[in-house]
Amino acid sequence: MDSGVVTAVESRRAEAFAVRQENFCDTISFFAPGLKRFSTEEFQQKTPQAFRPVSLTGSACALQCEHCQSKILEPMIPLNPKEGLFQLAKRLHQNGTTGILISGGSDKAGAVPLKKYFPDIARIKNELGMRVMVHTGLVDRETARQLKEAGVDGVMIDIIGADETIREVYHLNTTTAAYEASLAYFSEFGLSIRPHIILGLHFGQFLGEYHALEMIQRYPVHSLILVILTPLVGTHMQNVPPPSLEDIEEFFYRARLQMPKTPIMIGCARPLGDHKVAVDHLAVDYGLNGIAYPADGVVAYAREKGLKPKFFEDSCSCGSA
Ligand code: SF4
């Protein structure tokens, strides 16, 4: 790389960081939710039970997406239908859990089967006072209305920006318009929207990510969560290389500039090792606002850049930062 190129990269980093400084205070958030145990020299998780994920469908999912094949459901607490969602939440609450993520596998239309759980969700909010985030999948208008009525604190949805990816990775017979419609319904009912974009979702390549960013920009979202394709053993993508750092860097730059006032977080799912170390440093360089399970050394790096770290033990999709 010649010095001219280095200067160009550095000036883009400085430009993005300046956008952050203009629009946010100087804190950066680090998250370690109880999806897994986490401890580094810089950040020790103290209450891993504080925020727990629940799968309404156990390990079952009708879609069997190429990158996941329901593996992300495995570490979640499976709902036992005999116990019921409210009783499960009550039991967790008695053991110190203050927030839950309600998730689950999808049906063949790409929706998590939420409808019969709305009375339980309303009780969890009203009687237990727990924080409730819901991973929805695609929604219709009525589902969005009932999520609002049940009082959920936030909704999470992966926004897919390419029809090819919807078909070939998610095995869904729909288009990006269905994802935009879900954002529109959430927005109509004033839900707190925390959309996710999976970088490199199309078999490690960027395809619909910038379109997803454009769609999200049109709605008043609480925050944007970026995760990175992580080739999981036992899935059809296990040998797919994760997206390149160059592509990720470019996306961080454009996301920061295009959504200057929206908190942008790096979510839990991303490749480990050197890739993670590099990504987390880039997230600081490009002025993103938070990182889940930060790589060792990144908290110190953020301090060097003049940022003040804050630590949370809930999900990066939960924060008010
Ligand atoms: S719908 Fe969700 S849980 Fe099911 S396979 Fe796809 S990513 Fe995994």
Query raised in the report: What pairs can you find where one residue is in the stretch 3-18 and under 22 Å from Gly306 (Cβ atoms) and assigned to a helix (DSSP H, G or I), the other is of a type in the set (A, V, I, L, M, F, W, C) and modelled with pLDDT of 90 or more, and their Cβ atoms are less than 8 Å apart, with a gap of 6+ or different chains?
Result: Glu15/Leu257; Ala16/Phe252; Ala16/Leu257
Query raised in the report: Within the stretch 65-78, is even one residue in contact with a Leu (Cβ under 6 Å, 6 or more places away or on another chain), at pLDDT below 95, surrounded by fewer than 19 Cβ atoms within 10 Å (Cβ to Cβ) and not in a loop (DSSP other than H, G, I, E, B)?
Result: yes
Query raised in the report: Mind checking which residues of the stretch 88-98 are over 12 Å from Val54 (Cβ atoms) and open to solvent by 80 Å² or more (accessible area, probe 1.4 Å)?
Result: Gln94, Asn95, Thr98
Query raised in the report: Can you name every residue in the stretch 104-138 that is surrounded by 21 or more Cβ atoms within 10 Å (Cβ to Cβ) and within 14 Å of the ligand (Cβ to nearest atom)?
Result: Gly104, Gly105, Ser106, Gly110, Val112, Leu114, Val134, His135, Thr136, Gly137, Leu138
Query raised in the report: So how many residues does the stretch 244-275 have that are under 11 Å from Tyr286 (Cα atoms), touching a helix residue (DSSP H, G or I) at 6+ places or on another chain (Cβ under 6 Å) and basic (Lys, Arg)?
Result: 1
Query - Which numbered condition Pro81 fails, given (1) surrounded by fewer than 17 Cβ atoms within 10 Å (Cβ to Cβ); (2) closer than 28 Å to Thr47 by Cα; (3) touching a residue at least 12 places away in the same chain (Cβ under 8 Å); (4) not hydroxyl-bearing (Ser, Thr, Tyr) - result: (3)
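Before we move on, is Glu41 more than 16 Å from the ligand (Cβ to nearest atom), of a type in the set (Asp, Glu) and not in a strand (DSSP E or B)? Walk me through how you get there before you give the answer.
Numbers: more than 16 Å from the ligand (Cβ to nearest atom): yes; of a type in the set (Asp, Glu): yes; not in a strand (DSSP E or B): yes.
Considered against the rule, which asks whether it is more than 16 Å from the ligand (Cβ to nearest atom), of a type in the set (Asp, Glu) and not in a strand (DSSP E or B), Glu41 comes out as yes.
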**Report entry** Selected residue (criterion: farthest from Arg12 (Cα to Cα)) from residues of the stretch 246-267 that are open to solvent by 40 Å² or more (accessible area, probe 1.4 Å) and touching a residue at least 40 places away in the same chain (Cβ under 8 Å)
**Finding:** Lys261
Query raised in the report: Asp120: under 24 Å from Ala60 (Cβ atoms) and at pLDDT below 95, yes or no?
Result: no
Report task. Please give the number of the condition Glu142 fails out of (1) away from the ligand (no atom under 16 Å from the Cβ); (2) in contact with a Gly (Cβ under 9 Å, 6 or more places away or on another chain); (3) not aliphatic (A, V, I, L, M). Result -> (2)
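Restricting attention to the stretch 236-245, does a residue exist that is open to solvent by 10 Å² or more (accessible area, probe 1.4 Å) and within 16 Å of the chain's Cα centre (by Cα)?
Residues of the stretch 236-245 that are open to solvent by 10 Å² or more (accessible area, probe 1.4 Å), as a first pass: 236, 238-242, 244-245.
Then drop every residue that is not within 16 Å of the chain's Cα centre (by Cα), which leaves none.
No, the stretch 236-245 has no match at all.
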Report summary line: Conditions (1) touching a Gly at 6+ places or on another chain (Cβ under 6 Å); (2) surrounded by fewer than 20 Cβ atoms within 10 Å (Cβ to Cβ) -> Ala292 fails only (2)
**Report entry** Subset of the stretch 132-186 (residues that are hydroxyl-bearing (Ser, Thr, Tyr) and not in a loop (DSSP other than H, G, I, E, B))
**Finding:** Thr143, Thr165, Thr176, Tyr179, Ser182, Tyr185
Query raised in the report: So which residues in the stretch 208-233 are within 25 Å of Lys71 (Cβ to Cβ) and open to solvent by 50 Å² or more (accessible area, probe 1.4 Å)?
Result: Leu232, Val233
Report summary line: Sole miss for Phe252 among (1) within 18 Å of the chain's Cα centre (by Cα); (2) within 16 Å of Phe30 (Cβ to Cβ) is condition (2)
Report summary line: Filtering the stretch 194-219 for residues that are closer than 19 Å to Ser106 by Cα and either touching a Phe, Trp or Tyr at 6+ places or on another chain (Cβ under 9 Å) or hydrophobic (A, V, I, L, M, F, W, C) (or both) leaves a count of 4
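Rundown of residues vs (1) charged (D, E, K, R); (2) farther than 28 Å from Gln44 by Cα, yes/no style:
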residue: Glu209; (1), (2): yes, yes
residue: Val227; (1), (2): no, no
residue: Thr230; (1), (2): no, no
residue: Thr235; (1), (2): no, yes
residue: Glu250; (1), (2): yes, yes
residue: Thr262; (1), (2): no, no
residue: Val298; (1), (2): no, no
residue: Glu313; (1), (2): yes, no
Query raised in the report: Do we find a residue being away from the ligand (no atom under 16 Å from the Cβ), under 19 Å from Cys268 (Cα atoms) and touching a strand residue (DSSP E or B) at 6+ places or on another chain (Cβ under 7 Å) anywhere in the stretch 52-67?
Result: yes
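The values are calculated or read from the model by the stated rules, or taken from the named source; none is laboratory data. As the structure is a computational prediction, the values presented were derived from the model and not from experiment. Ideal geometry is used to build each Cβ from the backbone, glycine not excepted, and the neighbour counts take in all protein chains shown. Calculation scope for accessible area: heavy atoms of the full protein, side chains included, ligands and nucleic acids excluded. Shrake-Rupley method; radii C 1.70, N 1.55, O 1.52, S 1.80 Å.
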